[in-house]
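The values are calculated or read from the model by the stated rules, or taken from the named source; none is laboratory data. On a predicted model such as this, the values are computed, not experimentally measured, just so you know. Glycine also receives a Cβ, built like all others from the backbone with ideal geometry; neighbour counts cover every protein chain displayed.
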Amino acid sequence: MKPTNFPLQEPGLTDAWTKLAHALAFHPQPHGFEPHQASGKPAERKPGFFERLDRWLWRQEMKEREAWLAESKDVFELEQRLRMLERVGGRYY
(Lines give C-alpha, C1' and ligand atoms only; values in the text may rest on other atoms or scores of the structure.)
Protein backbone atom coordinates (compact mmCIF):
# COMPACT_ATOMS: atom_id res chain seq x y z
CA MET A 1 0.00 0.00 0.00
CA LYS A 2 1.29 3.45 -0.94
CA PRO A 3 1.40 6.23 1.64
CA THR A 4 0.36 8.82 -0.97
CA ASN A 5 -2.10 8.46 -3.77
CA PHE A 6 -1.57 10.94 -6.62
CA PRO A 7 -4.63 11.51 -8.84
CA LEU A 8 -2.42 11.74 -11.94
CA GLN A 9 -1.59 8.05 -11.55
CA GLU A 10 -5.20 7.00 -11.98
CA PRO A 11 -5.67 5.15 -15.30
CA GLY A 12 -8.66 7.17 -16.52
CA LEU A 13 -7.16 10.54 -15.75
CA THR A 14 -3.82 9.67 -17.33
CA ASP A 15 -5.58 8.67 -20.54
CA ALA A 16 -7.54 11.91 -20.56
CA TRP A 17 -4.36 13.96 -20.11
CA THR A 18 -2.67 12.01 -22.90
CA LYS A 19 -5.58 12.62 -25.29
CA LEU A 20 -5.69 16.32 -24.40
CA ALA A 21 -1.94 16.74 -24.91
CA HIS A 22 -2.11 14.88 -28.21
CA ALA A 23 -5.00 17.02 -29.45
CA LEU A 24 -3.25 20.26 -28.50
CA ALA A 25 0.16 19.25 -29.85
CA PHE A 26 -0.81 17.60 -33.13
CA HIS A 27 -4.08 19.31 -34.10
CA PRO A 28 -3.87 22.91 -32.92
CA GLN A 29 -6.73 25.19 -33.94
CA PRO A 30 -5.89 28.79 -34.85
CA HIS A 31 -7.38 31.54 -32.71
CA GLY A 32 -10.87 32.40 -33.91
CA PHE A 33 -11.21 29.15 -35.85
CA GLU A 34 -14.78 28.28 -36.77
CA PRO A 35 -15.72 24.98 -38.37
CA HIS A 36 -16.94 25.02 -41.97
CA GLN A 37 -20.12 23.47 -43.22
CA ALA A 38 -20.13 20.82 -45.93
CA SER A 39 -20.77 23.52 -48.57
CA GLY A 40 -17.46 25.21 -47.76
CA LYS A 41 -19.05 28.35 -46.33
CA PRO A 42 -18.22 29.32 -42.76
CA ALA A 43 -20.89 28.40 -40.24
CA GLU A 44 -22.89 31.46 -39.20
CA ARG A 45 -23.54 31.79 -35.50
CA LYS A 46 -27.04 32.85 -34.55
CA PRO A 47 -27.15 35.74 -32.12
CA GLY A 48 -28.28 34.86 -28.63
CA PHE A 49 -31.10 36.41 -26.65
CA PHE A 50 -28.97 39.08 -24.99
CA GLU A 51 -27.28 40.05 -28.23
CA ARG A 52 -30.65 40.46 -29.95
CA LEU A 53 -31.92 42.48 -26.99
CA ASP A 54 -28.82 44.67 -27.12
CA ARG A 55 -29.31 45.30 -30.84
CA TRP A 56 -32.96 46.15 -30.35
CA LEU A 57 -32.18 48.60 -27.53
CA TRP A 58 -29.45 50.19 -29.65
CA ARG A 59 -31.88 50.69 -32.56
CA GLN A 60 -34.43 52.26 -30.20
CA GLU A 61 -31.78 54.63 -28.87
CA MET A 62 -30.74 55.60 -32.41
CA LYS A 63 -34.37 56.28 -33.39
CA GLU A 64 -34.82 58.53 -30.36
CA ARG A 65 -31.57 60.35 -31.09
CA GLU A 66 -32.49 60.90 -34.75
CA ALA A 67 -35.95 62.16 -33.78
CA TRP A 68 -34.37 64.60 -31.30
CA LEU A 69 -31.96 65.84 -33.98
CA ALA A 70 -34.81 66.20 -36.48
CA GLU A 71 -36.64 68.57 -34.10
CA SER A 72 -33.96 71.23 -34.53
CA LYS A 73 -35.23 74.47 -36.10
CA ASP A 74 -32.22 75.31 -38.26
CA VAL A 75 -28.75 74.12 -39.13
CA PHE A 76 -27.19 76.04 -36.22
CA GLU A 77 -29.37 74.31 -33.65
CA LEU A 78 -28.64 70.97 -35.36
CA GLU A 79 -24.89 71.61 -35.07
CA GLN A 80 -25.31 72.55 -31.42
CA ARG A 81 -27.19 69.32 -30.71
CA LEU A 82 -24.54 67.30 -32.56
CA ARG A 83 -21.84 68.94 -30.44
CA MET A 84 -23.81 68.07 -27.31
CA LEU A 85 -23.96 64.43 -28.39
CA GLU A 86 -20.24 64.41 -29.11
CA ARG A 87 -19.46 65.80 -25.67
CA VAL A 88 -21.76 63.47 -23.78
CA GLY A 89 -20.87 60.50 -25.95
CA GLY A 90 -22.83 57.44 -26.74
CA ARG A 91 -23.21 54.12 -25.09
CA TYR A 92 -20.06 52.63 -26.64
CA TYR A 93 -17.74 55.61 -26.30
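Annotations
- Of the residues H31, H36, the single one that is surrounded by 10 or more Cβ atoms within 10 Å (Cβ to Cβ) and modelled with pLDDT under 65 is H36.
- Scanning segment 61-86 for residues that are among the polar types (S, T, N, Q) and in a helix (DSSP H, G or I) gives a single hit, Q80.
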